[in-house]
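Participant: What follows is a single structure, and I will ask about it in a moment.
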Amino acid sequence: MGGTDIDLRLRLLNDPDFRDRLMQDHTHRHRLSVEEPDIHTRMLAEPEFRARRLDDPDIQARLSAEGPYPEGRYQRHSFAVAPSAVRALESRADELIAELATRLHENWRSTRLLPNGTYAARPKRAIDEDWIAAHGTDIVDIANMPNHELPKDWQRNNVESARVTVERILAELRAGRDPGRTEFVAHAYSEIHEEWLLRNDAATDVQMRLYPDLSEDQKALDRDVYHAVLDLVAEKLARW
């Protein structure tokens, strides 16, 4: 994707007035109706479209019926947290996000570990100009590099996944609700998936499905993020 496209998507995300003007422009509206933009573009440009994806009663009912804990895959947590402990977590939210981003990357690349101690290569193209200048290439093997050494653009996905999920769990705790409760977690998985779609314009048609319609392998990616945060929060509450 070129720099102009990236700049436009950032403005759509961060400048509601720009987004509203764009959607009110008759030429743009006609182009949208003719070209039938993909789901990612509509989620960026039409907040009401994204809201409908999440708030549809049928989708909500299907999420509530999801089996949230595949047998033996995740540790179950039940949280009853005092307001003072919630404030302590909130005061160190940036620390939680940074630690979780690292953990998410390590969890992912652990599945690619080879007998010789290296990882099955996963070359990707970087756009971080400082990283490219320092390494003399725009190709990065994301599997054989720890999170903090990745180009900023490749760190971003782990950091944003961590941020979205930490903030969602803190909001539940702040409201006096247990973020590990069975009837809630599938809704959290869905929100993680939708936020990921906002950040990933290269998502495939299969990945653009609503959470209940994803394959089990795709669902596991969203579940793994959420449960990594639950594990981390439980660890911090026990230690702090």
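The values are calculated or read from the model by the stated rules, or taken from the named source; none is laboratory data. Nothing here was measured: the structure is a model prediction, and the numbers come from that model. All Cβ positions, even for glycine, are placed from backbone atoms using ideal geometry, and neighbour counts span all protein chains on display.
Participant: Tell me, yes or no, whether the range 167-174 has at least one residue that is in contact with a helix residue (DSSP H, G or I) (Cβ under 7 Å, 6 or more places away or on another chain), surrounded by 14 or more Cβ atoms within 10 Å (Cβ to Cβ), assigned by TED's automatic domain parsing to the domain that holds I132 and over 23 Å from R87 (Cβ atoms).
Facilitator: No.
Participant: Do we have D130 as free of Cβ contacts under 8 Å to residues at least 24 places away in the same chain, part of a helix (DSSP H, G or I) and among the acidic types (D, E) here?
Facilitator: For D130, the condition - free of Cβ contacts under 8 Å to residues at least 24 places away in the same chain, part of a helix (DSSP H, G or I) and among the acidic types (D, E) - is met.
Participant: From the residues in the range 39-86 that are of a type in the set (F, W, Y) and over 22 Å from D205 (Cβ atoms), which one is modelled with the lowest pLDDT?
Facilitator: Y69
Participant: Out of R76, R87, which single residue is in a helix (DSSP H, G or I), among the basic types (K, R) and surrounded by fewer than 18 Cβ atoms within 10 Å (Cβ to Cβ)?
Facilitator: After ruling out the rest, the residue left standing is R87.
Participant: I would also like to ask the following. What helices (runs of 4 or more DSSP H) lie completely within the range 136-240 and have 1 or more residues being at pLDDT below 90, more than 20 Å from E99 (Cα to Cα) and touching a Leu at 6+ places or on another chain (Cβ under 8 Å)?
Facilitator: Ranges flagged: 182-199.
Participant: What pairs come out if I take residues in the range 78-90 that are among the aromatic types (F, W, Y) and pair them with residues that are surrounded by 10 or more Cβ atoms within 10 Å (Cβ to Cβ) and outside any loop (DSSP other than H, G, I, E, B) whose C-beta lies under 9 Å away, six or more apart or interchain?
Facilitator: F79/I169; F79/E172; F79/L173; F79/L230; F79/V233; F79/A234; F79/L237
Participant: Identify, by number, the condition in (1) more than 26 Å from I127 (Cβ to Cβ); (2) touching an Asp or Glu at 6+ places or on another chain (Cβ under 6 Å) that S190 doesn't meet.
Facilitator: Result: S190 passes all but (2).
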